[in-house]
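Visitor: Can you keep this structure in mind? I'll have questions shortly.
No value in this document is a laboratory result; all are computed from the given coordinates. As the structure is a prediction and not an experimental result, all values here were calculated from the model. So basically every Cβ, Gly included, is an ideal-geometry build from the backbone, and we count neighbours across all protein chains shown.
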Amino acid sequence: MATLTEDNLRKYVSQRCINALEKGKLIKEAAVAKRLISTLDGYEDLQNFGDLRQIDQASAVVIDIRDWTVRAATLGPYRTYITIECFLPVMAKLVAFFGGTVVQFTGDGLFALFYRTDIQTYTRACYCAAYMMLTIHKIINPILSASGIPSVGELPPLECGAGLDIGSCFAVKTGSEAFATITPYGECINNASHLASGVNRVKLTDRFYKFVQYMRDANFGKIDDVNWHLNWAKFRFPTPDF
């Protein structure tokens, strides 16, 4: 069975950073979009979506970066591109590893759905959110520091929030054949997106908590009558065997 270690994830993020340092120099050129395209793990699953895809039961995971607009304005295009290349590819890699599908990228984050039929679906989604946060703080933020990218200077650490919920949803593919985008809809996605507004926290609804409350290595705390948070700092690398 496969696992992900801190070392192999650090190498992955470091390589994306090195590539971004070189490719990002193209930002000032015209028609640069095609030359800066990023290949992301798990995104190939989008070909499984038709014009309309109904999913009766799925776990929605949303993660995004706090104060992204201010950050991007402060850092400028080149340093912003480096930041996002250190962040989104490894988040997508974790989604793919834990068996989810990246449905939509939001610029500063992503939506993922876990809709496989095995009984570990909810556990996998919860592990994914925890290891996303752990990866940000143990791997990405140190790489973004001055010692990690000396030619660029210090990049401020990422502060992110993640949210989880379960329920029915559907996804619509819009646009042209070559440039279609996927837009997900559903209460579980709305709830997960709302819970992702926290700072360095993984939040989940009560109905999601009931499926994962006995998960190995997990420690939960109640926020209010309908929401919980997961103490992701209790997790360690390597990832669990699946």
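Visitor: Around LEU204, with a cut-off of 13 angstrom between Cβ atoms, what is the net charge of the other residues, counting Lys and Arg +1 and Asp and Glu -1? Numbers along the way, then the final one.
Guide: Details: positive: ARG201, LYS203, ARG207, LYS210, LYS222; negative: ASP165, ASP206, ASP224.
Its environment carries a net charge of +2.
Visitor: Where Rh denotes the Kirkwood radius from the mean inverse Cα pair distance, what is Rg over Rh for the chain? Numbers along the way, then the final one.
Guide: Values: Rg = 17.6 Å, Rh = 18.4 Å.
Answer for the chain: 0.96.
Visitor: Right, another one. Using a basic spin-label model with each label point 7 Å from the Cα along Cα→Cβ, how many nm lie between LEU21 and VAL226?
Guide: 4.8
Visitor: Using θ = phi - 60° and the Karplus curve 6.51 cos²θ - 1.76 cosθ + 1.60, what whole-Hz ³J(HN,Hα) does each residue of the range 8-18 get, with Gly and Pro shown as x?
Guide: 6, 5, 5, 5, 5, 5, 4, 5, 4, 5, 4
Visitor: Among 94-105, 78-89, how do they line up by average Cβ neighbours within 10 Å per residue, starting with the highest? Please report the intermediate quantities before stating the final value.
Guide: Details: 94-105: 23.1, 78-89: 21.6.
Highest-to-lowest ranking by the protection proxy: 94-105, 78-89.
Visitor: Same structure, new question: Can you list the lysines whose alpha carbon is less than 19 Å from that of LYS210, not counting same-chain residues fewer than 8 positions off?
Guide: Within reach: LYS222.
Visitor: Next question, about the same structure. Assuming R0 = 35 Å, what is the FRET efficiency of GLU159 and ASP241, from their Cβ-Cβ distance, to the nearest 0.05? List each step's numbers first, then the result.
Guide: Values: r = 31 Å, r/R0 = 0.87.
Result of the calculation: an efficiency of 0.70.
Visitor: Full extension from ASP67 to SER151: what is 0.36 nm times the residue separation minus their Cα-Cα distance, to one decimal in nm? List each step's numbers first, then the result.
Guide: Numbers: separation 84, 0.36 × 84 = 30.24 nm, distance 2.46 nm.
Fully extending the segment from ASP67 to SER151 adds 27.8 nm.
Visitor: A follow-up question, please. Add -39500 (n - 2.57) for each DSSP H run of 4 or more in the chain, then divide by its residues: what number comes out at 222 nm, to the nearest 500 deg cm²/dmol?
Guide: Numbers: 6 runs with 83 residues, N = 242.
Using -39500 (n - 2.57) per qualifying helix, the result is -11000 deg cm²/dmol.
Visitor: Using mean Cβ contacts within 10 Å as the protection proxy, how do 219-225, 13-19 order, highest first? If you can, show how the numbers build up before the last one.
Guide: Working: 219-225: 10.7, 13-19: 17.1.
The peptides rank, most packed first, as 13-19, 219-225.
Visitor: Here's something else I'd like to know. Most exposed first by the Cβ proxy, i.e. fewest other Cβ within 10 Å, how do ILE149, ILE119 rank? Write out the running numbers ahead of the final one.
Guide: Numbers: ILE149 21, ILE119 8.
Listing ILE149, ILE119 from fewest to most nearby Cβ atoms yields ILE119, ILE149.
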